[in-house]
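Chemist: Starting off with a structure, shown below.
The values are calculated or read from the model by the stated rules, or taken from the named source; none is laboratory data. The structure displayed is predicted, hence computed values, not measured ones. Here the Cβ positions follow ideal geometry from the backbone for every residue, glycine too, while neighbour counts run over all protein chains shown.
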Amino acid sequence: MFKKMFFLILGGIVMPLMGEVTHEQEQELIQMALNVRERAYAPYSEYRVGAALLTKEGETIVGCNVENASYGLTICGERSAVFSALSQGKQEFVAIAVATRDGGAPCGACRQVLNEFNPSLPIILVDEKGDVVKRTNLAELLPDAFGPHNLH
């Protein structure tokens, strides 16, 4: 079985990130992100986003973007998935796949919300065909992040 391990280097110390993502899990995350992307409500931008979030328990929870005529009330796919997971009692996340037209990365607000739960979360970015554009992690996308540790 092919397993993909993600590592984070902090101060010269190599640390494994929370959990492992198998090739099969990655493929399932990608397919689920693509599927939920089709449910996005994006009549204004026509930029559909689907996200599939893998929990520590091995469950996948999806979310899509939902736009609103009052643009500030729009919610992104990534936050939609996180908030759905939280409403189901899940707070520990292993990886997320995000499907967009071009493989775009999560916005700043989504990065900040994801940081609350796993500052080194592996992120798989795919385009609308399901091709992996980039494999990254939250620590790379949100360096020097402000988080719960700053408030203690």
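Chemist: Restricting the stretch 95-122 to residues that are crowded, with 23+ Cβ neighbours inside 10 Å and aliphatic (A, V, I, L, M), which is nearest to TYR44 (Cα to Cα)?
Modeler: Residue satisfying both the conditions and the ranking: ALA99.
Chemist: Turning to a different aspect of this structure: Just name the residue that is surrounded by the fewest Cβ atoms within 10 Å (Cβ to Cβ) out of those in the stretch 40-63 that are more than 18 Å from GLY130 (Cβ to Cβ) and among the hydrophobic types (A, V, I, L, M, F, W, C).
Modeler: Ranking the candidates gives ALA42 first.
Chemist: State yes or no: is GLU57 out of contact with any Leu (no Cβ under 6 Å at 6 or more places or on another chain), in contact (Cβ under 8 Å) with a residue 24 or more places away in the chain and not β-branched (Val, Ile, Thr)?
Modeler: The answer is yes for GLU57.
Chemist: Restricting attention to the stretch 71-96, report how many residues are assigned to a loop (DSSP other than H, G, I, E, B) and of a type in the set (Lys, Arg).
Modeler: 1
Chemist: Going by the structure shown, is LEU34 modelled with pLDDT of 95 or more, within 10 Å of the chain's Cα centre (by Cα) and not acidic (Asp, Glu)?
Modeler: no
Chemist: Could you tell me how many of the residues in the stretch 97-152 are of a type outside the set (Asp, Glu), part of a strand (DSSP E or B) and either without any contact (Cβ under 8 Å) to a residue 60 or more places away in the chain or in contact with a Phe, Trp or Tyr (Cβ under 9 Å, 6 or more places away or on another chain) (or both)?
Modeler: Summing the residues that are of a type outside the set (Asp, Glu), part of a strand (DSSP E or B) and either without any contact (Cβ under 8 Å) to a residue 60 or more places away in the chain or in contact with a Phe, Trp or Tyr (Cβ under 9 Å, 6 or more places away or on another chain) (or both) in the stretch 97-152 gives 8.
Chemist: Can you tell me which residues in the stretch 36-66 are closer than 21 Å to LEU86 by Cα and not in a strand (DSSP E or B)?
Modeler: Of everything in the stretch 36-66, those that are closer than 21 Å to LEU86 by Cα and not in a strand (DSSP E or B) turn out to be VAL36, ARG37, ARG39, ALA40, VAL49, LYS56, GLU57, GLY58, GLU59, ASN65.
Chemist: Can you run down the residue pairs with Cβ atoms below 8 Å, 6 or more apart or on separate chains, where the first is in the stretch 24-47 and closer than 22 Å to GLU67 by Cα and the partner is exposed (fewer than 13 other Cβ atoms within 10 Å of the Cβ)?
Modeler: Final answer for the pair search is TYR44/ALA69; TYR44/TYR71.
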